[in-house]
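To start, the structure under review is shown below, and the notes come after it.
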2 protein chains.
Amino acid sequence: MPSNALTVDQLDEKALLARIFPRLGPDTALLGPGDDAAVIAAPDGRSVISIDTLVQDADFRLAWPSGYRTTGFDVGWKCVAQNVSDIRAMGAVPTSLVVSLTLPGSTAVDWVEDLADGLAAGISALAPERCSVVGGDLGRGSQIVVTAAVTGDLEGRAPVLRSGARPGDVLAHIGALGLAAGGLAVLESSVDMTHPGGTDDQELAGLLMAQCRPRLPPVGSGPAAAAAGATAMLDVSDGLVRDAGRIARASGVGIDLDAGILRTMAASLAPAAARLGADPLAWILGGGEDHGLLAAFPPDAALPEGFVQIGTVHDGEGVTFGGQAPPVTGWDHFAG
Amino acid sequence: MPSNALTVDQLDEKALLARIFPRLGPDTALLGPGDDAAVIAAPDGRSVISIDTLVQDADFRLAWPSGYRTTGFDVGWKCVAQNVSDIRAMGAVPTSLVVSLTLPGSTAVDWVEDLADGLAAGISALAPERCSVVGGDLGRGSQIVVTAAVTGDLEGRAPVLRSGARPGDVLAHIGALGLAAGGLAVLESSVDMTHPGGTDDQELAGLLMAQCRPRLPPVGSGPAAAAAGATAMLDVSDGLVRDAGRIARASGVGIDLDAGILRTMAASLAPAAARLGADPLAWILGGGEDHGLLAAFPPDAALPEGFVQIGTVHDGEGVTFGGQAPPVTGWDHFAG
């Protein structure tokens with residue numbers, strides 16, 4: 001494979017862009033890439049917008065102790081997942097991404113092309129409605145840094161904020177919980193994951209993929225939660241306890257997590273966790289990056305399909321786990 | 001100054017955000033920072049969007065040969081300038097920024113606060129209409145990387161693209177030309193710029209500031225160009241010859257730059273250039289980062305106030321300088 005030898009410092013910006021853009025799939029913008037800026041539709045007169053970044057050696061490693069090598073595809077997919085998830089958590093539909101790539105000159109062009117493929121596949125799987133990459137930026141740096149800003153359309157609905165939960169509400173969740181944390185433990189373990197697709201160890205390989213290429217809840221989950229009267233919602237990116245705490249703080253309420261249900265969820269991860277010497281409950285309560293949706297609903301609301309009650313909202317403050325202090329907190333990008 | 005000792009690795013994400021957000025000025029969004037995403041107004045049912053990144057050691061150095069130390073304020077200001085400029089080049093009005101900061105743990109908190117001040121001052125000076133920082137992201141990395149995505153409102157107008165220039169059009173420019181390149185030469189020189197505000201050398205200090213805190217053309221210039229019938233427009237970020245080439249290529253035309261006028265502009269920079277051993281015409285033709293607006297107008301159009309004719313559009317291809325091959329090209333983020 002001679003093209004393996006080609007690195008980005010051997011191409012100018014135009015040549016590298018020419019390798020990226022054809023891979024990104026159909027353009028859904030009113031005016032797509034190629035000018036100073038793109039123009040996207042905002043049919044209800046508003047745009048939802050957020051930004052999120054993946055940094056080499058902070059958010060991913062190119063090579064892990066397990067032997068797994070993070071692919072460009074993984075990084076592109078994950079960039080889409082974490083950005084789209086923020087839009088879904090408002091009850092909106094993702095409409096565009098703009099992507100900035102900071103790349104060391106030694107980065108293989110193959111890896112960058114694979115990243116473009118991962119962006120396209122991530123959009124196709126996680127934001128199939130009408131999203132595309134409408135613009136970007138390329139630059140040099142000492143580490144790979146991938147930043148995307150994402151826009152969304154509320155389709156006339158009010159956004160579901162973090163601040164509306166009320167005492168008596170039901171706390172419910174949809175999506176993976178603890179899997180991405182389990183995957184991180186796999187990546188950092190001595191289990192051989194050099195070729196996870198070829199391993200017989202489907203349990204650990206599945207966790208690895210949940211970390212490297214997270215799936216999101218079904219695309220209609222956010223709007224369905226809004227339609228069901230969700231009083232608060234966010235995506236669980238930094239761990240259940242930490243993110244539940246954000247709803248509690250923003251809403252001025254307390255949240256008690258259901259220890260029974262969450263311990264049952266943890267039990268299903270116990271065999272894998274035991275092999276890695278890990279506590280599956282810590283994955284459930286403290287693991288981030290699963291990007292499930294956590295929402296509060298009025299006590300009489302019918303939970304939308306797929307949402308599972310995992311707690312209750314009460315008059316008070318902070319987050320408890322079966323009435324007690326939680327055994328773990330969660331992920332902070334700056335703390336120790 | 002004891003707070004000089006504080007670095008970002010001594011704060012958690014929430015504490016660092018608490019130091020940044022109060023400095024950012026009034027929030028103009030429908031829903032501002034603090035939730036999974038922000039909501040901005042898009043009154044005409046469209047949003048213009050772009051993204052741009054500044055990377056330490058690629059786009060700026062913390063310490064220059066001249067002794068100047070890039071301030072957080074400079075980086076914040078420049079982040080606003082280069083992003084807002086892309087919106088203005090479409091004929092739109094900037095409406096929001098989302099900003100992602102990747103910071104080494106050793107970064108002084110003072111420097112980050114200064115960056116927030118620079119964002120606020122940049123918005124106040126360069127995008128005073130209704131723009132604010134509506135969201136952000138914080139993470140760790142080995143270098144400072146500042147990425148912003150910016151949105152804009154076309155106010156019902158059609159965007160001014162790069163692709164509409166026609167043979168016979170007048171090519172005109174508004175804004176600085178060559179100053180930022182001169183400033184880069186100052187920064188990289190042995191002239192002592194440790195304290196540019198205190199130096200008697202106002203000429204070189206002025207160039208330095210044009211590089212570190214670029215000014216943009218008056219805020220109404222983009223819409224005025226659109227109203228005057230501009231057939232193509234972009235902002236000059238990578239050098240006049242290179243960016244004129246983008247209009248030429250997108251429009252399927254040739255552009256001849258007026259050697260007389262551009263040599264006259266260069267002459268005004270000649271004293272400073274001579275002191276630095278530089279060619280002022282190379283600054284004019286090849287320097288980027290001034291973020292003036294370059295636009296084509298029909299031959300019978302009255303140029304809006306401040307625009308200066310610097311060339312003509314003809315049937316053909318490529319960019320010439322007084323009918324000859326230009327002596328310099330411009331800046332490419334990846335080429336050698």
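A short reminder: the numbers here are calculations on the coordinates, not readings from a lab. None of these values were measured; they are calculated from a predicted model. Every residue, glycine among them, receives a Cβ derived from its backbone with ideal geometry; neighbour counts consider all protein chains shown.
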Top of A:292, A:198, A:254 by mean-square fluctuation, Gaussian network on chain A, Cα under 10 Å: A:198
What's the exposure ranking of B:283, B:64, going from fewest to most Cβ atoms within 10 Å? B:64, B:283
In deg cm²/dmol and to the nearest 500, what is the mean residue ellipticity at 222 nm of the protein assembly as shown if only DSSP H runs of at least 4 residues count, each as -39500 (n - 2.57), divided by the residue total? -10000 deg cm²/dmol
Could you please report the charge total around residue A:284, scoring K, R as +1 and D, E as -1 over all other residues with beta-carbon less than 15 angstrom from its beta-carbon? -4
Under 5 Å from the placed amide H of residue A:60, counting only residues 5+ away or on other chains, we find A:55
Shape call, region B:224-276: gyration tensor on alpha carbons, a/c limit 1.5: prolate
Give the share of C-alpha pairs in each 20 angstrom bin for the protein assembly as shown, from 0 to the last occupied bin, in whole percents, shortest bins first. 18, 51, 26, 5, 0
Could you work out the mean count of beta carbons from other protein chains within 10 Å of each residue's beta carbon in B:265-274? 0
Could you please state, rounded to a whole Å, how far the C-alpha centre of region A:164-203 is from the C-alpha centre of region B:180-239? 49 Å
Shortest first and in nm to one decimal, what separations exist between residue B:308 and its copies in the other chains, measuring from label points 7 Å along the Cα-to-beta-carbon line? 6.8
Would you mind listing the distances between the residue A:322 label point and the same position in each other copy? Use 7 Å along Cα-to-C-beta, nm, one decimal, shortest first. 8.5
How high is the FRET efficiency from residue B:18 to residue A:200, r the C-beta distance, R0 56 Å, rounded to 0.05? 0.70
Mind checking the mean number of beta-carbon atoms from other chains within 10 Å of the Cβ atoms in A:119-131? 0
Rg to Rh, two decimals, where chain A supplies the alpha carbon set and Rh follows Kirkwood: 0.98
Helix B:202-212 vs. chain B, principal-axis angle (Cα, 0 to 90°, nearest 10): 80 degrees
Hey, for residue A:275 with labels 7 Å out along Cα-Cβ, what do the inter-copy distances come to in nm, ordered shortest first? 7.0
Spelling out what I want: for every residue of region A:119-128, take phi, set θ = phi - 60°, compute 6.51 cos²θ - 1.76 cosθ + 1.60 (Karplus), and round to whole Hz; glycine and proline get x. 4, 5, 5, x, 5, 4, 8, 10, 9, x
Take each of the peptides B:94-101, A:112-119, average the number of other beta-carbon atoms within 10 Å over its residues, and list them starting from the highest. B:94-101, A:112-119
Counting only residues 5 or more places away or on other chains, whose amide H sits under 5 Å from the amide H of residue B:105 once H atoms are built in the peptide plane? B:141
Short version: ³J(HN,Hα) in whole Hz for each residue of region B:194-199, in order, from phi by Karplus 6.51 cos²θ - 1.76 cosθ + 1.60 (θ = phi - 60°), x for Gly and Pro, what are they? 4, 10, x, x, x, 7
Note, region B:132-142: 3J(HN,Hα) by Karplus (6.51, -1.76, 1.60, θ = phi - 60°), whole Hz, Gly/Pro = x, goes 7, 7, 9, x, x, 8, 10, x, 9, x, 7
Going by alpha carbons, how many degrees (0 to 90, nearest 10) lie between the helix axis of A:72-88 and the longest principal axis of chain A? 40 degrees
Rel. contact order, % - alpha carbon contacts under 8 angstrom, at least six apart, region B:2-153: 39 percent
In peptide A:282-292, how many Cβ atoms from other protein chains are near each Cβ within 10 Å, on average? 0
GNM on chain A, Cα springs under 10 Å; top mean-square fluctuation among A:175, A:152, A:45 goes to A:45
Most exposed first, judged by fewest Cβ atoms within 10 angstrom, A:261, B:51, A:310 run A:261, A:310, B:51
Need one number for region A:1-108: average projected area of the convex hull over its C-alpha atoms, nm². 9.0 nm²
List the residues, sorted by chain then number, that are 5 or more residues from residue B:314 or on another chain and whose placed amide H is less than 5 Å from its amide H. B:168, B:254, B:255, B:256
Given the options B:123, B:159, B:183, identify the residue whose Cα lies farthest towards the positive end of the charge dipole of chain B (+1 on Cβ of Lys, Arg; -1 on Cβ of Asp, Glu). B:159
